[in-house]
Every structure is written in C-alpha cells, then in structure tokens.
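Following: one structure in structure tokens, then a few remarks.
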Amino acid sequence: MKKRVSALSLAALTAASALLAGCGSGQEAASSNAGGASKGAGELYVYNWGEYIDESVIDQFEEETGITVHYDMFETNEEMYPIIEAGAVNYDVVCPSDYMIQKMRENDLLAEINFDNVPNIDQIDPAYMEMAQAFDPENKYAVPYCWGTVGILYNTQRLEELGVEPPTKWADLWDERLKDEILMQDSVRDAFMVALKKDGYSMNSTDEAELQQAKQDLIDQKPLVQAYVIDQVRDKMIGGEAAVGVIYSGEMLYIQDEVANLDLGYSLEYVLPEEGTNLWLDGWVIPKNAKNKENAEKWIDFLCRPEIALANFEYITYPTPNKGAFELLDPEMQNNKVVFPDLDSLKNSEVFEYLGEDADILYNELWKEVKSN
C-alpha cells in the first residue's frame, strides 16, 4: 500500500476532472456500453500510483494492441476510492492495495475478471494468489502486481553517534535518545500499525481500548518525531537528515544503489521488526462501470508476461509476484532477502484488511487527535 509515489494529488484530480468533462458529452453513448467491452475497443483508461510502471511498457502495449492508453495517477488509496465510487470517471483498470480492494469488493464496485482473457495468470506464484485471498477470498477480482513489507531504515553512523543500538523492534522507535531523529509514515493505517504491533495487537484491531492505547503511544512518541512523511523518507535518509525512518521495502534497491554511488561514508540498513509488520499486496482490478473491460483484461494479461513484469520490477524495484520474472533475475537479486524476504520468515506479519465504515471513522478520529495534539 504504500509506494514510491510522487506528489501528484492535484495533478491526478485535475486530470480526472478533465477526463470527466470530456466524458460528459458522451455520457449517453457510454452508458449504452455498460456491463461489457466498449464497442470502440481502441481505448483503455488506467488509474495507477505515481511512478509505478515503466512508461515504455505502456508504449509497448499500445504498439502491440493498437489500444490507446489514457493514464492517470493517484497518490493514496483514499484519494482513489471516492473517484471510483462516484462512477463519473469510468476507469477501466485500477491498482489499489489489499484492504482497499476488499472495500471496493464489499461495496460492489468491482467486476469479476474473465480469466479466459488472462492466460498469463499462471505466471503469478500461487503463494501470492493465496495471500490475495485475505481480501479477495475466491480470487475473482484482483491480480497481484507488487508486494512488500514495511520496516525500519536506519543510519548506522548516526545511531553510533547517538549511542543507540540498531533497532530490532517497533518499540525502539520510542527511545528518547532519538528525539527529532525519527521519520514516521503520514498514513493513519501505517502509523497505527506501528503502535499496535509494538503493543502486541493486530494491525487490523477494531478494539477501541487497543486503539486508544495505540493513539496515546503515538502522541507520546511525537516529541521524538522529526516529521510525518510519505515518499520523502527515502531522500531524507539518503541525505543524512534522520537516524531512523519507517519505509517500504521496495525503496531498498534504490537506496542501496544511491548509497554506493554517492560514497556517503555511512550505510543505511533495513530491518523487519520482531513484533511483525505489514505484508502488503497491490493488485489490478476492474471497476464494475468499466467501459472497456476486455481491454482491461488484455492489459492485465500483458503485465503478467514475465519479460514485462521484469521490466516493471527493474523500474519500480518493488518485489514482483511473477514467478517467470523472478526466474529471469540473476541469483544475487533472487537471494536479496531485503527485497525478496522468505514469506515463511515473516512471523506475526499481516495483510491490511478493510475494517468497515465504523472502524474507518474511529481510526480517522483518533488519527486527528494524534496529529493535532
């Protein structure tokens, strides 16, 4: 769920508004195609995270299929959802995260994928199809695209200067010696995940007492937090601006390369906390109001081709669930346990679940208290 994203909220919303304006005059014609592929089968409207695909892949898809791709980006799941829910902008294929796919499925916003049109689904490792059953129980609505973990990135030299041992657990982010040295994710579920796992609770807890405890923990931690950020964690840590940061595992290849190329004089290491963490999975889904459903299935099938999945991995650097692409990697990359940790070793880790509207309201209210305190 969380990824290398650009600050594209305004741009995405502007693009969506422009698309809506363009679709408005053709709304009557478009509605006649509801429930199936568009009669003009030459277009595809894609909604994806920023910097979450190799752009040459889009060009190759257009060249091979003759389909024109209209490509918009979002920054968070929460930004994407209301646009799909409103149904005014008819995206054909979208790439949400696990818990948001569940929410969309439960609110009847998704179409079942016709897997006869996605023969390359056999390239997705069965382990990730099984993981996807946490939010898509019968594997009807989503095809895994990228996955990863959330952990702690730390600056070895800076910690040594502070007299602090390298972190091994979430609780280490409450060490008072780290005052103004911690970067936390500016995300309600990610922030509460850290506190809930620290306290030994499920990151999908809906118990109000547990959530109140987590809220108070986050408030207690605030004097130590330099900033709540999203994609800036990577660059701030490379720049030596903080000692530790909560980050997504997919950033690590880029970070390792940058540290080596810049000869910074210190290393940045990544650790999965002992209490367990978020094991996340993003997948492609087709909104129920898609006007080009068959083209969406062609898109998904294309992205499941090993050589295409490999190109995307090399650009995005987030772990791929595509077994064919994995087999094309060199042994050193296959054995990089920061990028491709053994699933069996991820003890106490969980996939985010959609907890319902009441829980969403509670989480958001508690998060406002944390941010305003």
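The values are calculated or read from the model by the stated rules, or taken from the named source; none is laboratory data. All figures in this text were calculated on a predicted structure; none of them were measured in a lab. Here the Cβ is made from the backbone with ideal geometry for all residues, glycine too, and neighbour counts use every protein chain on show. Keep in mind that these areas ignore ligands, DNA and RNA; they rest on the heavy atoms of the full protein, side chains included. Shrake-Rupley method; radii C 1.70, N 1.55, O 1.52, S 1.80 Å.
When the test is whether a residue is part of a helix (DSSP H, G or I), under 21 Å from residue 80 (Cα atoms) and within 21 Å of the chain's Cα centre (by Cα), residue 359 passes it. Say whether the condition of being open to solvent by 50 Å² or more (accessible area, probe 1.4 Å) and among the acidic types (Asp, Glu) is met by at least one residue in segment 92-104. The answer is no; no qualifying residue exists. Counting only helices (runs of 4 or more DSSP H) wholly contained in segment 294-336, the ones carrying 1 or more residues that are among the polar types (S, T, N, Q) occupy 306-316, 331-334. Condition (residue is more than 22 Å from the chain's Cα centre (by Cα) and without any contact (Cβ under 8 Å) to a residue 40 or more places away in the chain) applied to segment 320-327: is it met by at least one residue? Checked against the condition, which is being more than 22 Å from the chain's Cα centre (by Cα) and without any contact (Cβ under 8 Å) to a residue 40 or more places away in the chain, segment 320-327 yields at least one hit. The set of residues in segment 238-258 being farther than 18 Å from residue 160 by Cα and assigned to a helix (DSSP H, G or I) consists of 249, 250, 251, 252, 253, 254, 255, 256, 257, 258.
When segment 299-316 is filtered for residues that are open to solvent by 30 Å² or more (accessible area, probe 1.4 Å) and out of contact with any helix residue (DSSP H, G or I) (no Cβ under 6 Å at 6 or more places or on another chain), the ones remaining, listed by number, are 307, 314, 315. Right, residue 356: surrounded by fewer than 21 Cβ atoms within 10 Å (Cβ to Cβ) and either closer than 22 Å to residue 108 by Cα or modelled with pLDDT under 95 (or both) or not? Yes.
Out of the residues in segment 232-277 meeting the condition of being β-branched (Val, Ile, Thr) and surrounded by 20 or more Cβ atoms within 10 Å (Cβ to Cβ), tell me which one is farthest from residue 192 (Cα to Cα).
Ranking the qualifying residues of segment 232-277, first place goes to 255.
Scan segment 87-114 for residues that are of a type in the set (A, V, I, L, M, F, W, C), modelled with pLDDT under 95 and under 26 Å from residue 189 (Cβ atoms) and the total you get is 1.
Let's see how each residue does on (1) of a type in the set (D, E, K, R); (2) touching a residue at least 12 places away in the same chain (Cβ under 8 Å); (3) surrounded by 18 or more Cβ atoms within 10 Å (Cβ to Cβ); (4) not in a loop (DSSP other than H, G, I, E, B):
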{"position": "130", "(1), (2), (3), (4)": "yes, no, no, yes"}
{"position": "134", "(1), (2), (3), (4)": "no, yes, yes, no"}
{"position": "137", "(1), (2), (3), (4)": "no, no, no, no"}
{"position": "158", "(1), (2), (3), (4)": "yes, yes, yes, yes"}
{"position": "165", "(1), (2), (3), (4)": "yes, no, no, no"}
{"position": "177", "(1), (2), (3), (4)": "yes, yes, no, yes"}
{"position": "190", "(1), (2), (3), (4)": "yes, yes, yes, yes"}
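Specify the residue that is farthest from the chain's Cα centre (by Cα); the eligible residues are those in segment 52-79 that are closer than 24 Å to residue 103 by Cα and open to solvent by 20 Å² or more (accessible area, probe 1.4 Å). Going through the qualifying residues, I end up with 71.
Taking segment 48-91 as the range and being out of contact with any Ser or Thr (no Cβ under 7 Å at 6 or more places or on another chain), of a type in the set (Asp, Glu) and over 24 Å from residue 357 (Cα atoms) as the test, the residues that pass are 54, 55, 59, 63, 64, 72. Residue check: residue 284 meets all listed conditions (1) of a type outside the set (Val, Ile, Thr); (2) outside any loop (DSSP other than H, G, I, E, B); (3) in contact with a helix residue (DSSP H, G or I) (Cβ under 6 Å, 6 or more places away or on another chain); (4) open to solvent by 40 Å² or more (accessible area, probe 1.4 Å) but one, namely (4). Considering segment 192-204, and only residues there that are assigned to a loop (DSSP other than H, G, I, E, B) and touching a residue at least 60 places away in the same chain (Cβ under 8 Å), the residue that is surrounded by the fewest Cβ atoms within 10 Å (Cβ to Cβ) turns out to be 200. Out of segment 207-260, which residues are of a type in the set (Val, Ile, Thr) and farther than 24 Å from residue 76 by Cα? Residue satisfying the conditions is 259 alone.
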